[in-house]
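Accompanying notes for the structure given below.
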Amino acid sequence: MSEAETAPQGPVVQIDIVSDVMCPWCIVGFRQLEQALGRVGAGAYIRWHPFELNPAMPPEGQNLGEHLAQKYGTTPEQSAQNRKMLTDLGASLGIAFNFTDQSRIVNTFGAHQLLGWAQTKGLQHPLKLALFEAHFTDGKDVSNPEVLVETAAGVGLDPMEAAEILTSGSRAEETRAHQQFWTSRGISGVPSMIFDGRYLLTGAQGAEKYAQMLTKVISEKDAA
């Protein structure tokens, strides 16, 4: 699914997704949304928007277990249980979560800058999914400029242009403003999905809930 892919002969719904690459529930929620779109026979125009769960994360990142303990008070046992639950849920949705004791949380500001640029090239959606895979499946450091450029090139983006964006910071100010736009409107958790610019669902709500929302939005469009 690209930003503008549509289901054959089906309605198309605009869905804005505020998300961070570090958020496993964001890719879970998206895969559940995909299931819902299939159920109702709809297509989607999807735009991803930046949100940093940890904007102050230093360049070297932090061990995932240590981060969860520090931020949420999560015990090692709870962390292991959560990873197992996410891994099983991911497997049911075609997501390979390869968590290890060495898994790290990293800074995603560079990734968000590239995603904003990729939208202008019509390749934001494949880049977002590739970044999720690089982080959660391949265990790559998506704060590393070399990894980001490689991932961008892998979906058809110009690697030299990607490198220049990261080096120059030419999209930094715009990305910060984009983040502030959503936080100023009350977005404090991700994924946050806005359907047809009107209805908000926060968190991975499940295919059934998304299907209900899609049906509601499509029926209102038909009645207009």
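Things worth noting here:
- Shape category assigned to the chain from the gyration tensor of Cα positions, a/c cut at 1.5: oblate
- Amide H to amide H, with H built 1.01 Å from N, residue 104 comes under 5 Å of 64, counting only residues 5 or more places away or on other chains.
- Considering only alpha-carbon pairs that sit under 8 angstrom and 6 or more positions apart, the relative contact order computed for the range 1-109 is 33 percent.
- Solvent-accessible heavy-atom area per residue, rounded to whole Å², over the range 28-164 at 1.4 Å: 46
- Note on residue 97: accessible area is roughly 10 Å² with a 1.4 Å probe, heavy atoms of protein only.
- Mean Cβ count within 10 Å, highest first, over the residues of peptides 211-220, 72-81: 211-220, 72-81
- Solvent-accessible area of residue 101 with every protein chain in place, 1.4 Å probe, in Å² to the nearest 10: 110
- Pairwise Lys count, the chain - Cα closer than 26 Å, eight or more residues apart or different chains: 10
- Alpha-carbon centroid distance for the pair the range 180-194 / the range 53-79, whole angstrom: 22
- Calculated mean residue ellipticity at 222 nm for the chain: -16000 deg cm²/dmol, from DSSP H runs with n ≥ 4 weighted as -39500 (n - 2.57), summed, divided by the residue count and rounded to 500.
- For the chain, relative contact order (Cα pairs under 8 Å, six or more residues apart, normalised by length) works out to 31 percent.
- Cα shape, the range 6-79, gyration tensor, a/c 1.5 rule: prolate
- GNM result for the chain, Cα springs below 10 Å: residue of 152, 69, 96 fluctuating most strongly: 69
- Pairs of Cα atoms farther than 17 Å apart, the range 52-179, %: 61
- Long-range HN-HN contacts of residue 14 with modeled amide H, under 5 Å: 45, 196
- Fraction of accessible area attributable to carbon and sulfur, the chain (%, probe 1.4 Å): 51
- The range 131-136 - phi-based ³J(HN,Hα) in whole Hz, Karplus 6.51/-1.76/1.60, Gly and Pro as x: 5, 4, 5, 4, 6, 7
- Each Lys and Arg Cβ is given +1 and each Asp and Glu Cβ -1; about its Cα centre, the range 1-107 then shows a dipole of about 220 debye.
The values are calculated or read from the model by the stated rules, or taken from the named source; none is laboratory data. Values in this document were obtained by computation on a predicted structure and should not be read as measured data. Heads up, the Cβs are rebuilt from the backbone with ideal geometry, glycines too, and the neighbour counts pull from every protein chain shown. Heads up: the accessible areas ignore ligands, DNA and RNA and are worked out on the full protein's heavy atoms, side chains in. Shrake-Rupley method; radii C 1.70, N 1.55, O 1.52, S 1.80 Å.
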